[in-house]
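A short write-up of the structure that comes next.
The values are calculated or read from the model by the stated rules, or taken from the named source; none is laboratory data. If you're wondering where the values come from, they're calculated on a predicted model, not measured in any experiment. In this analysis, Cβ positions are derived from the backbone assuming ideal geometry, glycine residues included, and neighbour counts consider all displayed protein chains. We work out accessible area using only protein heavy atoms, side chains counted, and drop any ligands, DNA or RNA first. Shrake-Rupley method; radii C 1.70, N 1.55, O 1.52, S 1.80 Å.
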Amino acid sequence: MAARFQLYLVFWVLHASCNILAAARFVCPAIAPAKAEPADVTELHPGHVSVVMAMGDSITAAFASRGPLREDLPLEFRKDSWSIGKGSDDAMTLPYLIRHFNESLAGFASANTVPQTPTTGYLEYNGDFMDAALSSARVADLPRELDHLTVQSSRITDFQHRWKVLTILIGANDLADSDACSTDPGVRERLTEKFAADLDATLELTAARFTRLFVNLVPLFSIASVRRAIQNHTGILPCTSEARWLDECDCIDRPQAGSKNVTESQLSRLDVTTAFFNKEISRLAVKWNHVRPDFAVVAPGMWANQPVPNFDFLSKLDCFHPSSVAHNTMAITLWNSMLQGPRLPAPINATVVPVCPKASSVFYSGPVTRGVVDATPVVI
């Protein structure tokens, strides 16, 4: 791994931007919220939000979203990350959309970086800012990412009194183990239980650590569908197995013992485990939602268990990670879900356009049922 980072000091020459998606500009009027200050999280308008944060894995780090710029140096295109990147007209992100209503927004990632993993730790404090995602991270790594956000929050004036949005997408690497597609249902059940316990503990820490917070706890799309999209692609794949230097997913890459190929039965078992994970994500969102008037946890179900539509949604580097098309689509879909409220999972659609909030619009935070758990914030 060390060899990959020897180029670290010179990689900045690769920061030149390139067009990744011909997208329409965000033309919504920059309408101020009806209320100057929300009484609680149920009244939160995009214009009230002044800090964005994110936790997760290589998806949120936007690893290889633009494909390779150099064969020997894969990059994380964090400034284009769907949930935390600065974004642009042709690479819309959640911060890009929120910033349209509050130009003082802070926290978004503003640079491309070399890969940062649980092994390397954080290498780009300024470029990452409040993007705490680490490539290859699992749910057990979230407390470390939360600690990183706490450290980085000292860079933001009056942080605790600002309204914040935190987006969490985690679990793809937990599903990467062969346990996720095991023929033994008990193995898959124990994997799900551990995932849920670790995620529950992270939400408890988050509630204790941060005030005035809206959390997007995002369910997972079908990881198995990545394999199906590759199988359905016509022509020569632009990626090679050698390019996939980050350990990806056993269940879609490697046949299980006793089989010469990755079978549909193996992929179906992975889909079942993914659905179990998503059920726990939704349950925990309900458990922690509105534990305080200033705290919400919502699991937007828009792409839960949904398949990758086609190969255009996959990186040209490794045929696994989300492409720039996917990041743009994910950002707009999440934005719309936050403003339009609960929707049944639906096919991922690259033609989706962002909705325009009104002065009276608020981020949907679900029914108020407080008192489920103790979530008294701790001043740090």
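Taking the criterion of being at pLDDT 95 or above, part of a loop (DSSP other than H, G, I, E, B) and not β-branched (Val, Ile, Thr), would at least one residue in region 188-206 satisfy it?
no
Among the residues of region 272-285, which ones are touching a residue at least 12 places away in the same chain (Cβ under 8 Å) and either surrounded by fewer than 22 Cβ atoms within 10 Å (Cβ to Cβ) or within 16 Å of the chain's Cα centre (by Cα) (or both)? Walk me through it before giving the result.
Step one: filter region 272-285 for residues touching a residue at least 12 places away in the same chain (Cβ under 8 Å), giving 272-278, 280-285.
Of everything in region 272-285, those that are touching a residue at least 12 places away in the same chain (Cβ under 8 Å) and either surrounded by fewer than 22 Cβ atoms within 10 Å (Cβ to Cβ) or within 16 Å of the chain's Cα centre (by Cα) (or both) turn out to be VAL272, THR274, ALA275, PHE276, PHE277, ASN278, GLU280, ILE281, SER282, ARG283, LEU284, ALA285.
Check whether at least one residue in region 294-306 is in contact with a Phe, Trp or Tyr (Cβ under 6 Å, 6 or more places away or on another chain) and part of a helix (DSSP H, G or I), and report yes or no. Steps first, please.
Step one: of region 294-306, the residues in contact with a Phe, Trp or Tyr (Cβ under 6 Å, 6 or more places away or on another chain) are 296-297, 303, 306.
If we keep only those that are part of a helix (DSSP H, G or I) as well, we get none.
No, every residue in region 294-306 fails to be in contact with a Phe, Trp or Tyr (Cβ under 6 Å, 6 or more places away or on another chain) and part of a helix (DSSP H, G or I).
Just wondering, is there one or more residues in region 334-345 that are open to solvent by 30 Å² or more (accessible area, probe 1.4 Å) and either touching a helix residue (DSSP H, G or I) at 6+ places or on another chain (Cβ under 6 Å) or modelled with pLDDT of 95 or more (or both)? Outline the logic, then answer.
First pass over region 334-345, keeping only residues open to solvent by 30 Å² or more (accessible area, probe 1.4 Å): 339-340, 342-345.
Among the residues that remain, those that are also either touching a helix residue (DSSP H, G or I) at 6+ places or on another chain (Cβ under 6 Å) or modelled with pLDDT of 95 or more (or both) are: 339.
Yes: region 334-345 contains one or more residues that are open to solvent by 30 Å² or more (accessible area, probe 1.4 Å) and either touching a helix residue (DSSP H, G or I) at 6+ places or on another chain (Cβ under 6 Å) or modelled with pLDDT of 95 or more (or both).
Does at least one position in region 43-51 carry a residue that is closer than 30 Å to PHE311 by Cβ, of a type outside the set (A, V, I, L, M), open to solvent by 30 Å² or more (accessible area, probe 1.4 Å) and modelled with pLDDT of 95 or more?
Checked region 43-51: no residue is closer than 30 Å to PHE311 by Cβ, of a type outside the set (A, V, I, L, M), open to solvent by 30 Å² or more (accessible area, probe 1.4 Å) and modelled with pLDDT of 95 or more.
Do the conditions hold for LEU123, that is, is it in a loop (DSSP other than H, G, I, E, B), touching a residue at least 40 places away in the same chain (Cβ under 8 Å) and open to solvent by 20 Å² or more (accessible area, probe 1.4 Å)? It would help to see each step written out before you state the result.
Details: in a loop (DSSP other than H, G, I, E, B): yes; touching a residue at least 40 places away in the same chain (Cβ under 8 Å): yes; open to solvent by 20 Å² or more (accessible area, probe 1.4 Å): yes.
In short, yes.
Which of the numbered conditions does VAL226 fail, given that it passes all the others? Conditions: (1) open to solvent by 10 Å² or more (accessible area, probe 1.4 Å); (2) of a type outside the set (D, E, K, R); (3) modelled with pLDDT under 95.
That leaves (1) as the condition not met.
Determine whether ALA296 is within 19 Å of ALA180 (Cβ to Cβ) and modelled with pLDDT of 95 or more. If you could, list the steps in order and put the result at the bottom.
Values: within 19 Å of ALA180 (Cβ to Cβ): no; modelled with pLDDT of 95 or more: yes.
No, not satisfied.
Can you name every residue in region 77-109 that is part of a loop (DSSP other than H, G, I, E, B), without any contact (Cβ under 8 Å) to a residue 40 or more places away in the chain and either buried (at least 24 other Cβ atoms within 10 Å of the Cβ) or out of contact with any strand residue (DSSP E or B) (no Cβ under 8 Å at 6 or more places or on another chain) (or both)?
So the first thing to find is which residues in region 77-109 are part of a loop (DSSP other than H, G, I, E, B), and the list is 77, 81-84, 86-87, 89-90, 92-93, 100-105, 107-108.
Narrowing further to those that are without any contact (Cβ under 8 Å) to a residue 40 or more places away in the chain: 86, 103.
Result: GLU103, single match.
In region 272-293, what residues are farther than 20 Å from ALA224 by Cβ and part of a helix (DSSP H, G or I)? It would help to see each step written out before you state the result.
Quick first cut of region 272-293, residues farther than 20 Å from ALA224 by Cβ only: 283-293.
ARG283, LEU284, ALA285, VAL286, LYS287, TRP288 - these are the residues of region 272-293 that are farther than 20 Å from ALA224 by Cβ and part of a helix (DSSP H, G or I).
Mind checking which pairs have a first residue in region 153-181 that is polar (S, T, N, Q) and a second that is open to solvent by less than 20 Å² (accessible area, probe 1.4 Å), Cβ under 6 Å, 6 or more apart or different chains?
If the second residue must be open to solvent by less than 20 Å² (accessible area, probe 1.4 Å), the pairs left are SER153/PHE159; THR167/ALA54; THR167/SER83; THR167/ASN216; ASN173/ASP57.
Quick one: which residue in ALA176, ALA172, ALA140 is open to solvent by 30 Å² or more (accessible area, probe 1.4 Å), under 21 Å from LEU270 (Cβ atoms) and either in contact with an Asp or Glu (Cβ under 6 Å, 6 or more places away or on another chain) or of a type outside the set (S, T, N, Q) (or both)?
Working: ALA176 fails: open to solvent by 30 Å² or more (accessible area, probe 1.4 Å); ALA172 fails: open to solvent by 30 Å² or more (accessible area, probe 1.4 Å).
Selected residue: ALA140, the only one of ALA176, ALA172, ALA140 that is open to solvent by 30 Å² or more (accessible area, probe 1.4 Å), under 21 Å from LEU270 (Cβ atoms) and either in contact with an Asp or Glu (Cβ under 6 Å, 6 or more places away or on another chain) or of a type outside the set (S, T, N, Q) (or both).
Checking the conditions here, which among ASP312, ASP294 is open to solvent by 50 Å² or more (accessible area, probe 1.4 Å) and acidic (Asp, Glu)?
Values: ASP294 fails: open to solvent by 50 Å² or more (accessible area, probe 1.4 Å).
After applying the criteria, what remains is ASP312.
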